[in-house]
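The values are calculated or read from the model by the stated rules, or taken from the named source; none is laboratory data. These numbers come from a predicted model, not from an experiment. Counting neighbours? That spans all protein chains shown, and the Cβs are built from the backbone with ideal geometry, glycine included.
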Amino acid sequence: MGIGTTIVLLGVAAVEFVRRQRSDEQALHEDERPPCRPKTDPDVGGRRPAIARSTAQVLPTSTADQRADVSRLPGRIMTDRMRDMLADLWPLYGLTIVTPHLQLRLPREEELAELADLAGRGVHRPGERPFLTPWTDGSHADRARCVLQAHWDRLASWDVAAWQLGMGVFRAGQPIGVVTLRARDFPVVRQVTTSAWLGVDHQGRGYGTEARVGLLTLAFDHLGATAALTEVFQDNHSSQGVSRKLGYEHDGISVDARDGAALVSDRLRLTRQRWRQQKRPAVTVDGMDSCRASFGL
């Protein structure tokens, strides 16, 4: 085959690729249905947006609107494709927990940046120290980088023998904190440990309890855990209250060093039997089937 023939064939292939790409983009655009403007449920103080999706395509009302809509299309297509690719390569990106007011899932990079900034602005009020981690030390940037490093470390070090699932907590699409489920030798031990933080502006509204319920639903009802553990400072009354309300029972104490002093925490345990006895909101878990191998199941 001569050089000229090769060039012609390459040109034909390129034209066909562009034609198919445009066809794919047009098909994706036709399948999209813009959501209606979220309506606020008045009896929950704006915490839960009731999003209704139109059953018919909403067309732009002007040529300018149409051009603007088309100009945003390639970015949306690329984002959807990248998310699908991430879920194929790392199934945990397809794992989603939905509670009445929240969504729990692995954050994407742009959402991770928002979570880092949220932590940088504070995760507890001045004068409080509810965590061993010295959140009040350092600058806003120091705290934000800590969140980034912790997230990347959890992903990079994932192993069936020892894993940490750090899920972003989203309310109406806005990231408000992180909940983490940890385990070692889970296929044998069947025990998990939970921890969490919320941005200070989102505390005291019941979101921490609801996010914990979502995480525990994954642990008990989908992973087959027999017990969930947590440790709480004895003077951390809000976290103590959340744990007791969910059915945790006292399981001893632990002692840590902080600022040169011994600090006592309560160890709390929630068994599967106690979990099944508790009244709790409805929770939906999607994408678990693809993730079973990641947990050694």
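Looking across the stretch 122-149 at every residue that is within 29 Å of Trp90 (Cβ to Cβ) and either in contact with a Leu (Cβ under 7 Å, 6 or more places away or on another chain) or buried (at least 17 other Cβ atoms within 10 Å of the Cβ) (or both), the one that is modelled with the lowest pLDDT is identified as Trp135. How many of the residues making up the stretch 214-236 are crowded, with 19+ Cβ neighbours inside 10 Å, part of a loop (DSSP other than H, G, I, E, B) and small (Gly, Ala, Ser)? Within the stretch 214-236, residues that are crowded, with 19+ Cβ neighbours inside 10 Å, part of a loop (DSSP other than H, G, I, E, B) and small (Gly, Ala, Ser) number 1. Of the residues making up the stretch 245-278, those that are within 29 Å of the chain's Cα centre (by Cα), aliphatic (A, V, I, L, M) and part of a strand (DSSP E or B) are Leu268, Leu270. Considering the stretch 264-297, the residues that are closer than 26 Å to Ala162 by Cβ, in contact with a strand residue (DSSP E or B) (Cβ under 6 Å, 6 or more places away or on another chain) and without any contact (Cβ under 8 Å) to a residue 40 or more places away in the chain include one that is surrounded by the fewest Cβ atoms within 10 Å (Cβ to Cβ), namely Arg267. Of all residues in the stretch 200-250, those that are under 23 Å from Ala262 (Cβ atoms) and of a type in the set (A, V, I, L, M, F, W, C) total 3. If you go through the stretch 225-242 and pick out every residue that is within 17 Å of Ile253 (Cβ to Cβ) and touching a Ser or Thr at 6+ places or on another chain (Cβ under 9 Å), you end up with 8.
Residue-by-condition table, conditions (1) within 15 Å of the chain's Cα centre (by Cα); (2) surrounded by 21 or more Cβ atoms within 10 Å (Cβ to Cβ); (3) within 23 Å of Arg143 (Cβ to Cβ):
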residue: Val178; (1), (2), (3): yes, yes, yes
residue: Arg182; (1), (2), (3): yes, no, yes
residue: Pro187; (1), (2), (3): no, no, no
residue: Gly199; (1), (2), (3): yes, yes, yes
residue: Arg212; (1), (2), (3): yes, yes, yes
residue: Ser238; (1), (2), (3): no, no, yes
